[in-house]
Amino acid sequence: MNTAVTGPENMASVRRQPLIAMRGVSKHFNAVHAINNVDFEVYPGEVVAIVGDNGSGKSTLVKMLAGVFTPDAGVIEFEGSPVSIHSPASAQDLGIATVFQDLALADNLSIVANLFLGREYTKRGFLSDHHMEEEAVSLFRKLKARMPSIRTRVSSLSGGQKQSVAIARTMLGNPKVILLDEPTSALSVTQSAEVLNLIESLRERGLGVVVISHNLAEVQAVADRIVVLRLGRNNGTFHSTDISYERLVALITGATDD
Amino acid sequence: MNAKPPTPGSQSSLRESNRARIIDAIKQFGGLTQVELAGATGLSAATVSNIVKELTALGVLNTTQSIRSGRRAQHVTLARTPGLVGAVQFGLRHMRVALADTSGSLLSDHRLPLGTDHRADAGLDRAALLIADMLETVDASSSELLGVGLALPAPVDMSTGLISSPGIMRGWDNVPVMDVMSQRINKPVAVANASNMGALGELKHGAAMGARHVLYIQSGLRIGAGLILNSQIFWGANGSAGEFGHMTVNPDGAICRCGNRGCLETEAGAAVLLDSLRGSHGVLTLKDMLRLAAEGDLGCIRVISDAGRKIGMAAANLCNVFNPERVILGGDLADAGEILLGPVREAIERFSLPSVAESIRVEKGSLGADAELLGVAAFALERFVEDGSILMGSGSASALSPIPSPVPTHLEDQ
């Protein structure tokens with residue numbers, strides 16, 4: 001049963017529309033229906049968590065938004081207009097940034113170098129280090145991420161700091177939506193705290209943040225809405241304050257027949 | 001002693017500002033290597049090394065040898081007298097953990113958001129891990145940690161850490177917090193109510209300094225108060241004094257989590273305010289509501305100021321009873337500033353006796369979100385540091401009246 005809970009509507013502005021809306025989206029791999037007729041929305045300034053067991057279709061859903069897969073049925077709308085996200089580049093052009101679990105950082109380079117990899121600032125043919133460093137520092141300050149030195153090599157950073165760098169890097173493209181795939185799964189408590197705080201500050205900046213996570217405690221801590229996927233179907237969308245931990249687990253595992 | 005501040009742009013003023021930058025960076029991160037300091041402040045390695053040497057000689061900083069990326073590094077921390085306490089504060093939707101030295105100032109802190117109805121076991125586990133992590137960052141051995149103070153947003157039995165009113169924090173009911181936490185970290189633990197700790201924080205370091213009788217009201221998701229009488233925190237018979245949010249203001253009102261109905265919290269607590277905005281504004285968080293109110297949203301402003309009027313009226317009743325010099329507003333909702341304070345002030349003036357009203361100053365707390373954490377650090381210092389009350393500043397008498405020992409309740413006789 002789909003509990004149709006729409007995202008926040010604001011008195012201060014005209015009825016808001018979702019940044020991303022997926023309607024009736026399906027994806028199959030040969031005979032396997034990875035995603036089956038799923039509806040999904042993300043609004044600006046909110047955190048939506050996608051939860052579900054292994055094989056529920058979480059990754060497939062996010063990969064469709066990231067441009068890795070294309071849906072076999074259904075429509076994806078970006079800011080109200082139907083779009084076709086046929087490659088990661090087109091996802092980025094739309095303003096959808098993704099951080100996958102492997103983070104894709106160059107370990108042997110510094111934080112600054114990683115942030116600007118492929119889009120370095122140059123001045124008369126030389127790298128404009130000063131300019132890039134200033135912007136890196138200001139970016140981390142805006143995100144309220146604690147990063148002592150931006151010249152440190154990424155390889156000597158903690159897991160949480162690496163995650164923060166990966167997220168900060170996406171911010172340089174001025175995205176509207178950020179997709180995070182299991183951002184805290186490999187992290188210690190302290191490090192997870194930094195990432196959760198970072199997710200909150202992304203929300204404050206008006207971005208739509210989609211988080212895939214299996215850590216329900218953290219999901220309840222930062223998410224505004226929670227989408228439960230089970231066997232490729234949307235098993236319910238809830239405001240995080242309206243649903244208990246037990247009920248979430250039941251919906252994920254199928255213990256209830258909701 | 002310098003009587004004159006150095007002229008701007010001079011060598012000495014530059015040196016002072018560089019010193020300040022280094023100290024600020026260390027305060028922000030708890031401890032850094034010299035290389036990291038150079039990166040964080042933008043100063044050259046040579047400058048950093050010189051300044052660190054100077055400040056270490058002056059006793060402001062402390063350096064130890066450490067290793068970074070397989071190489072030797074100088075790890076720099078603030079110098080402090082040995083002896084640290086942990087300060088843990090749980091809110092309904094977040095937790096904060098800090099280390100404090102014997103002067104009561106925070107050396108390092110962490111914040112972590114939590115879900116509604118978060119559980120005690122997970123929360124206490126995380127607090128213990130965060131404390132261990134911070135000890136490492138500030139280069140302290142675990143033997144330096146003398147004890148941990150813990151603040152909960154509910155009335156607590158201070159001899160066990162049990163929440164004395166079930167239902168207020170569902171994930172924490174029947175958990176003997178003091179035992180559970182002290183087993184986890186192997187140190188003594190003291191538990192207190194968060195509003196009382198906020199009052200203590202403002203008394204020691206903030207807007208209540210110097211006053212003898214203060215009503216500190218904390219409003220946010222919960223409404224609570226800390227009473228300062230004769231410059232001491234008033235605990236009551238079993239530590240539950242100050243449950244301002246559970247004053248009955250409407251005998252036919254909504255059922256409260258505490259089991260009663262029509263409590264002040266059911267009329268002016270942030271959860272209720274957010275609910276009342278659901279129809280027009282959708283689902284908002286407390287931060288959203290405060291931001292919208294600051295931007296001029298009429299609905300949010302109205303809802304906050306109406307809450308201020310109700311809080312003020314209840315406060316006026318208390319003021320008539322114990323005649324405080326100051327009423328200090330803390331908690332998340334106080335971030336709304338005059339939108340909340342104005343109506344509180346008006347209501348106090350209106351509903352209390354003229355002689356009472358004229359001696360009251362209504363103010364916002366000066367410590368913001370740090371009030372409870374600083375308070376619980378002060379609490380832990382007084383409990384766990386020998387002669388703690390003397391250390392806590394210029395011969396001031398202890399700000400804590402004796403902690404109530406468990407009192408047999410008459411209910412047990414039945």
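The values are calculated or read from the model by the stated rules, or taken from the named source; none is laboratory data. Keep in mind the model is a prediction, meaning the values are calculated, not measured. Here Cβ is always computed from backbone atoms with ideal geometry, including for glycine, and neighbour counts include all displayed protein chains. Heads up: the accessible areas ignore ligands, DNA and RNA and are worked out on the full protein's heavy atoms, side chains in. Shrake-Rupley method; radii C 1.70, N 1.55, O 1.52, S 1.80 Å.
Exposure here means at most 12 other Cβ atoms within 10 Å; with GluC sites (Glu not before Pro) in a DSSP loop as sites, the longest stretch of chain B lacking them is B:1-294.
For segment B:149-194, the equivalent ellipsoid derived from the Cα gyration tensor has semi-axes of 17, 10, 8 Å, listed largest first. Going by accessible surface with a 1.4 Å probe and the largest first, A:Asp107, A:Asp181 read A:Asp107, A:Asp181. Helices in chain A that qualify as membrane-span-like (whole DSSP H runs, Cα extent of at least 30 Å along the helix axis, mean Kyte-Doolittle hydropathy of -1.0 or higher) do not occur. The calculated pair-distance distribution of segment A:21-132 uses every alpha carbon pair, bins of 10 angstrom beginning at 0, and gives 12, 35, 27, 17, 8, 1 percent. Calculate, for A:Ser90 and A:Asn54, the FRET efficiency according to 1/(1 + (r/R0)^6) with r their C-beta to C-beta distance and R0 30 Å; round to the nearest 0.05. The formula returns an efficiency of 0.55 here. Rounded to the nearest percent, how much of the accessible area of the protein assembly as shown (1.4 Å probe, protein heavy atoms only) is carbon and sulfur? Of the solvent-accessible surface of the protein assembly as shown, carbon and sulfur hold 51 percent. Taking each residue as 0.36 nm, the span from B:Phe322 to B:Glu358 lengthens on full extension beyond its C-alpha to C-alpha distance by 11.6 nm. Here the label points at B:Ala211 and A:Val83, each 7 Å from Cα along the C-beta direction, are separated by 5.3 nm in the simple model.
Taking chymotrypsin sites (Phe, Trp or Tyr not before Pro) across segment A:105-168, the ones in a DSSP loop with at most 16 further Cβ atoms lying within 10 angstrom of their Cβ are A:Tyr121. If you sort A:Lys144, A:Lys27, A:Lys176 by accessible surface, 1.4 Å probe, largest first, the order is A:Lys144, A:Lys176, A:Lys27.
All Cα-Cα separations within the protein assembly as shown were binned at 10 Å from zero, giving a P(r) of 3, 14, 22, 25, 21, 12, 4, 0, 0, each value a whole percent of the pairs. Sorted from longest to shortest, the spans of the Cα atoms of chain B along the three principal axes equal 70, 53, 46 Å. For chain B, the longest principal axis of the C-alpha atoms and the axis of helix B:338-351 are separated by about 40°. For segment B:10-157, the mean projected area of the C-alpha convex hull, equal to one quarter of the hull surface, is 11.1 nm².
Computed across segment B:1-95, the Kirkwood hydrodynamic radius from all distinct Cα-Cα pairs reaches 15.1 Å. Partner shielding of A:223-229 amounts to 1, given as the average count of beta-carbon atoms from other chains within 10 Å of each residue beta-carbon. Helix-only arithmetic for chain B: the sum of -39500 (n - 2.57) across DSSP H runs with n ≥ 4, divided by the residue total, places the mean residue ellipticity at 222 nm at -12000 deg cm²/dmol. Global size of segment A:88-179: 12.9, 37 Å for Rg and Dmax (C-alpha atoms, Rg to one decimal, Dmax whole).
Between the Cα long axis of helix B:194-205 and the first principal axis of chain B there is an angle of about 50°, rounded to the nearest 10.
Against the compact-protein benchmark of 2.2 N^0.38 Å, the Cα-based radius of gyration of segment B:157-257 scales to 1.18. Restricting the calculation to Cα atoms, segment A:111-258 yields a radius of gyration followed by a Dmax of 18.2, 65 Å. The C-alpha radius of gyration of segment B:208-366, expressed as a fraction of 2.2 N^0.38 Å, stands at 1.01. Interface burial in segment B:104-122 reaches 20 Å² or more for B:Asp109, B:His110, B:Arg111, B:Leu112, B:Pro113, B:Gly115, B:Thr116, B:Arg119, comparing the full protein assembly with the chain by itself; accessible area from heavy atoms with a 1.4 Å probe.
Taking a 21 Å limit on the Cα-Cα distance, which of the listed pairs B:Lys27/B:Lys187; A:Lys142/B:Lys287; B:Lys53/B:Lys204; A:Lys63/A:Lys144 fall beyond it? Those over the limit are B:Lys27/B:Lys187; B:Lys53/B:Lys204; A:Lys63/A:Lys144.
Against chain B, whose longest principal axis is taken from its Cα atoms, helix B:298-322 shows a tilt of about 80°. With protein chains left intact and a 1.4 Å probe, residues in the protein assembly as shown average 44 Å² of accessible area per residue. Within 10 Å of the Cβ of each residue in B:86-94, the mean number of Cβ atoms contributed by other protein chains is 1. For B:Thr81 and A:Asp102, the FRET efficiency from 1/(1 + (r/R0)^6), where r spans their Cβ atoms and R0 equals 56 Å, is about 0.75.
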